[in-house]
DNA sequence: ATTTAGGGTTAGATGAGGCTAAAACAGGGT
DNA sequence: ACCCTGTTTTAGCCTCATCTAACCCTAAAT
């Protein structure tokens, strides 16, 4: 049996892999999980012993197939919980992350299935992130791109807001930046800050690069080439 | 912050106290939690340091007020979860215990409140056990008595089936022994076995003392003197 | 090719929570 | 009063996940 902590490491490595395509460095994992590097090194030893990561000393790790499956299971739990909490327990999308983070390790297969049933097999969570399917096959990358890659005048649809910080999410919700809304890009500053106007709001909203980076958007269907 | 394990000890001591009125012995806790006596001794040291139990060496423990409050909080979580799982997630009353046992330590105050709201502030769980109120005041003992204290010919209403074993609970459900049903006592053997007939079933059911002991019943209102 | 800065790993300690084996105690029977 | 029996505690050890301090490797810069 895998400990909660090991699951956290696998999940973190998976998420970091989605962002970089390179081998994941010890320090990146340490920062993500808020532990020290030596702690990560020793955990990587154990994960390697169990065949969950491929390791090259001093050169980072990648998940094995098995490791990826475990990560996907944890992420499936997490996102199903987020969806369930917002749909059936009156949670706000900004506050579900923390709760799901604690519960994700402690639910049974049965619970997972009942929750998925109650939600009618959902495919995305409240932030627009894809929920891995029950077979835990590696999902394809969703389409769309970071909002930072568009220019002034572009009109886009918000697909996903992947930030985990409740404060940031509340701010975004207050300014109409949520999955599904239409955004008109007003300005992209050289240092990455994006200013945009939500179709549902009168005033514009500015997102520093670190936030904008987590906002994935797509071109509306009717505008495509 | 209290660890999950400490919460488990406090809960176990609380439950044992409901049964005996005497100081709780190390060996009783050890058996309840399936650990060895020395392990219990060292945990009792720690609980005493934190003011959660009153201890007399070689003579068992009792909970302090603070310890009792913690135990009640855990039990409230457990029973709310059991109720929620059966009401809203299609669980069978026989299978909720395990799931609740794992989740009870990991839900927030917020989650507790939302679940209680969804159930409209329930006062009993699916086994008929009282759910401690949100203020965590020590509840009074419910009325009724163990079914073993009645005699042939008595007719009683099942108030609570406090067994935690899913197999046993399934068996009881199959034979119509559930909270709310009427039971006619057929026989009480000298070694404590109770044979009874549920109003909803044709054949009778026999409960060995260890099982019958967990079935709390009350005299139907219309028969009271 | 060498240096060097910065990150990675090793070594050793800590605190939880568990175990077994051995010593110490409480309480009943004589 | 004494001893015997059974339970509790003490002593010492283990594993896990974490830390700090010290050492080592890689890769970029010269």
In segment B:172-190, is there at least one residue being more than 14 Å from chain A (Cβ to nearest Cβ) and within 23 Å of residue A:106 (Cβ to Cβ)? no
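Conditions (1) more than 21 Å from residue B:112 (Cβ to Cβ); (2) touching a residue at least 24 places away in the same chain (Cβ under 8 Å), marked per residue:
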| residue | (1), (2) |
| --- | --- |
| B:47 | yes, yes |
| B:51 | yes, no |
| B:57 | yes, no |
| B:61 | yes, yes |
| B:81 | no, yes |
| B:85 | no, no |
Would segment B:4-23 turn up any residue that is within 7 Å of DNA strand C (Cβ to nearest atom) and over 24 Å from residue B:129 (Cβ atoms)? no
Counted residues in segment B:87-114 being in contact (Cβ under 8 Å) with a residue 40 or more places away in the chain and either away from DNA strand C (no atom under 16 Å from the Cβ) or assigned by TED's automatic domain parsing to the domain that holds residue B:172 (or both) come to 6
What's the total number of residues in segment A:89-115 that are over 17 Å from residue B:96 (Cβ atoms) and within 11 Å of chain B (Cβ to nearest Cβ)? 13
Restricting attention to segment B:24-38, and to residues there that are touching a helix residue (DSSP H, G or I) at 6+ places or on another chain (Cβ under 7 Å) and within 11 Å of DNA strand C (Cβ to nearest atom), which single residue is farthest from the other protein chains (Cβ to nearest Cβ)? B:37
Does residue B:47 qualify as being away from chain A (no Cβ under 14 Å), under 16 Å from residue B:10 (Cα atoms), near DNA strand C (Cβ under 10 Å from one of its atoms) and surrounded by 22 or more Cβ atoms within 10 Å (Cβ to Cβ)? yes
Against the definition (crowded, with 21+ Cβ neighbours inside 10 Å, more than 10 Å from chain B (Cβ to nearest Cβ) and touching a helix residue (DSSP H, G or I) at 6+ places or on another chain (Cβ under 6 Å)), how does residue A:82 come out, yes or no? yes
Between A:48, A:82, A:19, which is at pLDDT 95 or above and out of contact with any strand residue (DSSP E or B) (no Cβ under 9 Å at 6 or more places or on another chain)? A:82
Can you say whether residue A:119 is buried (at least 19 other Cβ atoms within 10 Å of the Cβ) and within 14 Å of chain B (Cβ to nearest Cβ), as far as the supplied structure shows? no
Do the conditions hold for residue A:19, that is, is it loosely packed, with under 15 Cβ neighbours inside 10 Å and either more than 12 Å from DNA strand D (Cβ to nearest atom) or under 15 Å from the mean Cα position of the chain (by Cα) (or both)? yes
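The values are calculated or read from the model by the stated rules, or taken from the named source; none is laboratory data. As the structure is a prediction and not an experimental result, all values here were calculated from the model. Reconstructed Cβ throughout: ideal geometry from the backbone, glycine too, with neighbour counts over all protein chains shown.
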